[in-house]
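These notes concern the structure reproduced below.
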Amino acid sequence: MKTRLGVEFPEEFADILRVYNRYPISEVIIHPRLQKDFYNNHPKLDVFAEALEQCVHPVCYNGDIFMVEDYHAFQDKFPQVDRMMLGRGVIANPGLVREIRTGQQVTTVELKEYHDRLYAGYREEMDSERDALFKMKEVWFYLGKMFPEAERELKKVKKADRPEEYLAAVRGVFRG
Ligand SMILES: Cc1cc2nc3c(=O)[nH]c(=O)nc-3n(C[C@H](O)[C@H](O)[C@H](O)COP(=O)(O)O)c2cc1C
């Protein structure tokens, strides 16, 4: 199961954990933020450290691993944690886990393949071109971070409302 620390106060988490500890749960994935944090602030690693001691189930860490350096910083702090869940980091960079494991960085060609497959999939699955485009723009909110130099092109992606316009803007981003 997956959990945040609580709604408003980190002190809630000790009670929540006591409840989890009573049930046969195969893994507790902890995203150490409060509900009221949304994605603001940093994950509360001190509360995570306490939870790690108190939780009787295997613990998986989740939160703000965007780069290889984030992974190593976390591992240095918590070498005993061998389970990790990545969210936004892999939406932006689908090669992140490989890079963590092997050091091999993602290429622009791979990112374009990722984009094209995803877009084709959405076009097939969604009811309309508009919906598929809307989904892709959500993806670009994260993927765009891989192209910090392409501010103008990314703006065009955001504005595009027809597939041809969108694809032209996307080509601009990948051309770099
Ligand atoms: C687009 C998107 C959709 C998500 N959907 C869910 C969801 O359905 N259920 C859930 O528990 N968490 C969901 N999350 C939260 C993530 O699972 C994760 O806990 C959070 O993004 C923190 O991890 P990260 O810093 O690696 O992104 C979603 C996150 C994103 C970015």
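The values are calculated or read from the model by the stated rules, or taken from the named source; none is laboratory data. Every value quoted in this text rests on a predicted model; they were computed, and no experiment measured them. Side chains are part of the model used for accessible areas, which takes the heavy atoms of the whole protein and leaves out ligands, DNA and RNA. Shrake-Rupley method; radii C 1.70, N 1.55, O 1.52, S 1.80 Å.
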Q.
If the reach is capped at under 16 angstrom between alpha carbons, list the aspartates and glutamates near Lys155, excluding any in the same chain fewer than eight residues apart.
A. Glu138, Glu164, Glu165
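Considering only protein heavy atoms, with the full assembly of protein chains and a 1.4 angstrom probe, order Asp37, Asp116 by accessible area, largest first.
Order by accessible area, largest first: Asp116, Asp37.
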Q | Residue-averaged 222 nm ellipticity for the chain, from DSSP H runs of 4+ at -39500 (n - 2.57), nearest 500 | A | -16500 deg cm²/dmol
Q | Placed amide H near Ile29: partners under 5 Å, 5+ positions off or other chain | A | Lys2, Thr3, Cys60
Q. Which residues' amide hydrogens lie under 5 Å from the amide hydrogen of Met84, considering only partners 5 or more residues apart or on another chain, with H built in the peptide plane?
A. Tyr61
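Over the chain, give the accessible area per residue in Å² for a 1.4 Å probe, as an integer. Intermediate results must be reported in sequence, preceding the final value.
Working: 11210 Å² over 176 residues.
Averaged over the residues of the chain, the accessible area is 64 Å².
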Q: List, in the order given, every pair from Lys36/Lys159; Lys77/Lys145; Lys36/Lys135 whose Cα-Cα distance in the structure shown is over 28 Å.
A: Lys36/Lys159
